[in-house]
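First the structure, in the form of structure tokens, and then the observations on it.
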């Protein structure tokens, strides 16, 4: 299309580092007359899995994957911005963290060209890493022929199979078939052993998630041109569903922003006539046959087909159906006391609804009919979002749920403010910080109160600053962490988070227990604003409160922190 993804950001998630990624991307785009996409002009951004610039070790194998992904985004959505998120390793925890980081940076399209055997932990990974309504997350179906792989089998993603292209005398000029080179090489497909079937997928031969949803060219024998100078010697021809996934992610970007509460994997199912149906070829032997053999309509290896324009990847359906979820208001409970709360919703078309929820307090769950029940196990305040879906429409509502400690038996015996040197008036005392962060920075960045503050970033170059303090949160207490934050920036965008400040809770080993918030250049404003977070769930633990500011190569963003507090009550 004429706009070529203009105004959109496509993220690529891969493992390890490609030190030549930006230079190779420039060579590819120059060869095909595409506009430059560089760090300097704000089009390209490379980050580690935490949004910073502590890149993982370089790897020549992954460098080829990175080049393929970046080049396919460039080919299909040449005017889109690109974010490359490099995971520390190929473990699901690192790759999944990278997906979350891509979404936190504002990407509405995230391509994942990796996968492996399914196991029983996949459902946990689903909720931790891939449940992002309003974001099109695409995943390669795999290159090992018939058999379902994860995360392509996640209920929340668009699973992308692969095809072979051949010249033909038809109007299109091409015919397509299932990509299958041998019994061990070809597009993946199949029936998941663990993941539930999403409501919009209606095939009857698999009671759980079926792979794939759609497909794109993948056969290496008629593959795509890629420039890779770190993993190879320059121009190469690559293929596999590693090409299909970024192609489909970029088609979504061309089609426009997904609906805020939608899982975009459902869009092709609403517009099946707007896809090229692939009806020949197979990738193995199976029963029922459609899981591995192309046929009219839906099949496993190619899904509903390949893109024929953008309609099949566009938000909206042919009806005006809507779902309204009734907000129950703020909820409260006590650790150890059972709760039962029915959530209600209505569908304008009168269809039955299936409920799901995110953010429920530990110990609680929701049934498919909308009943939240269980016994809370941990004190704290949670932001709960309940979604009801009919399969063709969905709605959601968000409310708070506060769980208090049980009465009697002592309670909180150590109240008050627990951070040392909370306003930095004693200089760097009790804080661990990057050089130059804590100081008397007025009038450039004046303190909220007093004369000292903590100024992270603001260099206008690739840079990462940190600020941290360890604190013991008394057992039996409610705890609130607060701070005042000022953000100013030279960035001009109103849509892309180029520079970020992440606020996290870590344990004594340095493992991230939770990310409280991520701020960015999009939060720039005059003056300070106070932010507060309930940390009661960490009562009885010694944790580290950490700020991490990450800045890209141009246009400064300053994050100024002052008057912190950890208050126990």
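The residue that is nearest to residue 97 (Cα to Cα), among those in segment 492-505 that are in contact (Cβ under 8 Å) with a residue 60 or more places away in the chain and surrounded by fewer than 22 Cβ atoms within 10 Å (Cβ to Cβ), is 496. Per the conditions (1) at pLDDT below 95; (2) within 30 Å of residue 511 (Cα to Cα); (3) touching a helix residue (DSSP H, G or I) at 6+ places or on another chain (Cβ under 7 Å), the sole criterion not satisfied by residue 1 is (2). Here's a check for you: in segment 436-471, which residue that is free of Cβ contacts under 8 Å to residues at least 40 places away in the same chain and farther than 11 Å from residue 424 by Cα is surrounded by the most Cβ atoms within 10 Å (Cβ to Cβ)? Filtering segment 436-471 for residues that are free of Cβ contacts under 8 Å to residues at least 40 places away in the same chain and farther than 11 Å from residue 424 by Cα, the one surrounded by the most Cβ atoms within 10 Å (Cβ to Cβ) comes out as 446. Annotation: of all residues in segment 120-148 being under 24 Å from residue 512 (Cα atoms) and over 10 Å from the mean Cα position of the chain (by Cα), the one that is surrounded by the fewest Cβ atoms within 10 Å (Cβ to Cβ) is 120.
Would you mind finding the one in 173, 223, 161, 205 that is touching a helix residue (DSSP H, G or I) at 6+ places or on another chain (Cβ under 9 Å), over 19 Å from residue 237 (Cβ atoms) and at pLDDT below 95?
Going through 173, 223, 161, 205 in turn, the sole match is 205.
Are any of the residues in segment 80-89 touching a residue at least 60 places away in the same chain (Cβ under 8 Å), in a helix (DSSP H, G or I), closer than 21 Å to residue 241 by Cα and not assigned by the TED database to the domain that holds residue 514? No - not one qualifying residue is present in segment 80-89.
Tell me which residues, restricted to segment 43-68, are assigned to a loop (DSSP other than H, G, I, E, B) and over 17 Å from residue 107 (Cα atoms).
Scanning segment 43-68 gives 53, 54, 55, 56, 57, 59.
One residue alone among 40, 23, 6 is part of a loop (DSSP other than H, G, I, E, B) and farther than 17 Å from residue 250 by Cβ, and that residue is 40.
The values are calculated or read from the model by the stated rules, or taken from the named source; none is laboratory data. Please read these numbers as outputs of a predicted model, since none were measured by experiment. In this analysis, Cβ positions are derived from the backbone assuming ideal geometry, glycine residues included, and neighbour counts consider all displayed protein chains.
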